[in-house]
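**Student:** Shown below is the structure under consideration.
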Amino acid sequence: MFRKTIARITGHGLVLFVRMVTAPRAIWAGSEPIPRQRVYYANHTSNADFPLIWSVLPTFLRNKTRPVAASDYWLKNHLRAFFGRDVLNAVLINRDADNRDPEEDPVARMIAALDGGASLIIFPEGKRNLTEDPLLAFKTGLYHLARARPQVDLVPTWIDNLNSVLPKGEIVPVPLICTVTFGAPIHIAPGEDREIFLDRAHRALAALHKAGEA
């Protein structure tokens, strides 16, 4: 009980800190902040990406939204584990496919979280994008989630400017204004081919980036 109380207080502190450093602006372009189960799938340029998305969600959505994150990063030390597991209630994924147990299957863990009533924040590129391209190709996890739970909204979510706030290798953030744009939800069509679906999902997210540049 004490640990949960500390985690809740820390979570409020994290939201205030993120808002103070990034002055984040949530733009709902095609979707509304309503109590629907969703998978927010976003571009990935910083370890602060999912705390930013989590922080800009209204409280009633944030309380039911779990980031999907790499266990090797968030369990690396006690402090990260406290933030990842207790504060953010992340679905922790073992990325080492060659050495993980069958019970650690990432898609199964995400589906279990959805079945438990949570919404998710995921990064379908699979790793941070450190290239000049706005968006990397998607891994297959989003497709498997869409097939398993086709009724869940898949909301493209574009994060802008956060890679300048916390570049790779830095631990002290640079105060800059960030935006998080939530696009129109998509769903998989019956019998839709994996590559066609992933291309459509990729284009929906990339379109938010292009709209922000216009």
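**Student:** Highest first, please rank the peptides 17-30, 125-138 by the mean number of other Cβ atoms sitting within 10 Å of their residues.
**Tutor:** On the way: 17-30: 16.1, 125-138: 13.9.
For the peptides 17-30, 125-138, the packing ranking is 17-30, 125-138.
**Student:** For segment 27-102, just say rounded, prolate or oblate: build the C-alpha gyration tensor, square-root its eigenvalues into a ≥ b ≥ c, call rounded for a/c under 1.5, and beyond that prolate if a/b exceeds b/c, oblate if not. Present the calculation step by step, with values, prior to reporting the outcome.
**Tutor:** Values: a/c = 2.10, a/b = 1.77, b/c = 1.19.
Taking the square roots of the gyration eigenvalues as a ≥ b ≥ c, segment 27-102 is prolate.
**Student:** If packing is taken as the average count of other Cβ atoms within 10 Å, what order do 31-43, 98-110, 194-206 fall into, highest mean first? Please list the in-between numbers first.
**Tutor:** On the way: 31-43: 18.5, 98-110: 12.9, 194-206: 16.5.
Averaged packing, sorted descending, gives the order 31-43, 194-206, 98-110.
**Student:** I want to verify a result. In a Gaussian network model of the chain, Cα cutoff 10 Å, which of these has the top mean-square fluctuation: Val15, Val180, Val56?
**Tutor:** The residue that fluctuates most here is Val15.
**Student:** Here is a follow-up. By the scheme Lys and Arg +1, Asp and Glu -1, what is the net charge of all other residues having a beta-carbon under 15 Å from that of Gln37?
**Tutor:** On the way: positive: Arg36, Arg38, Arg62, Lys64, Arg66, Arg149; negative: Glu32, Asp115, Asp153.
Result for the neighbourhood of Gln37: +3.
**Student:** Also, quick follow-up: With each label point set 7 Å from Cα along the Cα-Cβ vector, what nm distance links His12 and Glu32?
**Tutor:** Going from the His12 label point to the Glu32 one covers 2.9 nm.
**Student:** Return a whole-number percent for the relative contact order of the chain, with Cα pairs under 8 Å and 6 or more residues apart as the contact set.
**Tutor:** Numbers: 339 pairs, mean separation 64.1, N = 214.
Computed value for the chain: 30 percent relative contact order.
**Student:** Would you work out the charge dipole size for the chain about its Cα centre, treating the Cβ of every Lys and Arg as +1 and the Cβ of every Asp and Glu as -1, and quote it to the nearest 20 debye?
**Tutor:** Values: 26 positive and 22 negative charges, 159 e Å.
So the dipole magnitude of the chain works out to roughly 760 debye.
**Student:** Quick one: pull the percent of accessible area on the chain belonging to carbon and sulfur, 1.4 Å probe, ligands and nucleic acids left out. Present the calculation step by step, with values, prior to reporting the outcome.
**Tutor:** Details: 6350 of 11430 Å².
After summing per-atom areas, the C and S share lands at 56 percent.
**Student:** With a/c under 1.5 counting as rounded, go ahead and sort segment 1-55 into rounded, prolate or oblate using the C-alpha gyration tensor (a ≥ b ≥ c being the square roots of the eigenvalues; past the cut-off, prolate if a/b is larger than b/c, else oblate). Show your work: numbers first, answer last.
**Tutor:** Numbers: a/c = 1.94, a/b = 1.44, b/c = 1.34.
The shape class here is prolate.
**Student:** Let me ask something else. For segment 1-148, build the charge dipole from Cβ charges (+1 Lys, Arg; -1 Asp, Glu) around the Cα centre, then report which of Ser46, Leu57, Asn77 sits farthest towards its positive end.
**Tutor:** Going by the Cα projections, it comes out as Leu57.
**Student:** How would you classify the chain from its alpha-carbon gyration tensor, with a ≥ b ≥ c the square roots of the eigenvalues: rounded for a/c under 1.5, else prolate if a/b is greater than b/c, otherwise oblate? The partial results should precede the final answer.
**Tutor:** Values: a/c = 1.38, a/b = 1.12, b/c = 1.23.
Rounded is the answer for the chain, as its axis ratio a/c remains below 1.5.
**Student:** Return a whole-number percent for the relative contact order of segment 1-81, with Cα pairs under 8 Å and 6 or more residues apart as the contact set.
**Tutor:** Details: 28 pairs, mean separation 23.5, N = 81.
This gives 29 percent for segment 1-81.
**Student:** In Å², what does the accessible area per residue of segment 70-161 work out to with a 1.4 Å probe?
**Tutor:** Details: 4830 Å² over 92 residues.
Accessible area per residue, segment 70-161: 52 Å².
The values are calculated or read from the model by the stated rules, or taken from the named source; none is laboratory data. Keep in mind that this is a model prediction, so the values were computed, not measured. Please note: Cβ atoms are built from the backbone with ideal geometry, for glycine as well, and neighbour counts cover all protein chains shown. Only protein heavy atoms, including side chains, enter the accessible area calculation; ligands, DNA and RNA are left aside. Shrake-Rupley method; radii C 1.70, N 1.55, O 1.52, S 1.80 Å.
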